[in-house]
Amino acid sequence: MYRSSMVSKPTTVRTTTALGLNLNQKRERRRMAKIINRLGREFKPWHHFTKDPFLLLVSTVLSQNTNWRNTKIAYDRLTSKFRTPKKLATADEREIEELIRPAGLYRVKSGRLKEISRAVLERYGNGLDRVLRMPYKKARAELMSLPGVGRKTADVVLAFGGGMDVLPVDTHVFRISKRLGFASPEDDHERVKLKLEMVTPAGKRGRAHMFLIQLGRRYCRARNPLHHRCPINDLCPIGIRYLKTNRDEPHGSLT
Ligand code: SF4
């Protein structure tokens, strides 16, 4: 659901400062700023198919377990007929299945889209604008009370549909934050998110999310990370160890 473009200016969300980072916080902020700058030379921020928060939610359901291309095909087919909670809630489920078939798991996804649409319609009317006017924590809790909507999806909707300055944590961001030493090995999703947000410059959290995901796909993979080719290996504790150990053996490996 992504292609390169500028990210709209987000509103800042406050995070607590009482979490106790491993290293000096100012130094960590400078390190994160360098990482974002460096990654910005290699990767581009993408834009989602839409900024409409409800349709953003629809696209995240469609994107589960499939690639960008299939998601886009299914999204375009579906939204050419049904674009609002009301239309989707009252649509024939078989028709939705046919429209979103290219995205795979179309029966499950069709059922989920109907459930979400009904819940949005009942609670907030024909869209999510009411939710986006709420403070961040309340808005997040409301989105997470919708069927099948988790923390990451809620944060994606708030960041890219609501313009809030939050840093959604997916599996790549979670893994890389720990390797980079911004979070501890035992930290759960919420602590990783708060720690990352504390060290990420205001207004750059959406961008950091997108760059770290691309870093995770191309270099900092779950298995066999490519430390030797990683563009930020001199800013990463594991990369620095790798560089020292492999000064004379450029193809060695550390995980
Ligand atoms: S140096 Fe290695 S561990 Fe560090 S960010 Fe790059 S690929 Fe990941």
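Kirkwood Rh, region 53-160, all Cα pairs: how many Å? Numbers along the way, then the final one.
Numbers: mean 1/r = 0.0731 Å⁻¹.
The answer is 13.7 Å.
Three principal axis extents of the chain based on alpha-carbon atoms, in descending order, are 64, 38, 32 Å. For residue 46, the residues whose modelled amide H falls within less than 5 Å of its own, excluding neighbours fewer than 5 places apart on the same chain, are 5. Cross-linked pairs 44/195; 44/193; 87/193; 114/138: Cα-Cα separations exceed 32 Å for 87/193. Neighbours of residue 148, meaning other residues whose beta-carbon lies under 10 angstrom from its beta-carbon, give a summed charge of +1 when Lys and Arg score +1 and Asp and Glu score -1. Taking 7 Å steps out from each Cα toward its Cβ at residue 245 and residue 107 produces label points 4.8 nm apart. Taking amide hydrogens as placed 1.01 Å from N in the peptide plane, the amide H of residue 164 sits under 5 Å from those of 11, 159, each at least 5 positions away in sequence or on another chain.
Can you give me the relative contact order of the chain as a percent, contacts being Cα pairs under 8 Å and 6 or more apart?
Numbers: 354 pairs, mean separation 59.6, N = 255.
Relative CO of the chain lands at 23 percent.
Note that region 228-235 has calculated 3J(HN,Hα) couplings of 5, 9, 5, x, 10, 5, 7, 10 Hz, one per residue in order, obtained from phi through the Karplus relation 6.51 cos²θ - 1.76 cosθ + 1.60 (θ = phi - 60°); glycine and proline are x.
Throughout, read-outs are computed from the coordinates displayed, never taken from laboratory work. From a predicted model like this one, the values you see are computed outputs, not experimental measurements. Ideal geometry is used to build each Cβ from the backbone, glycine not excepted, and the neighbour counts take in all protein chains shown.
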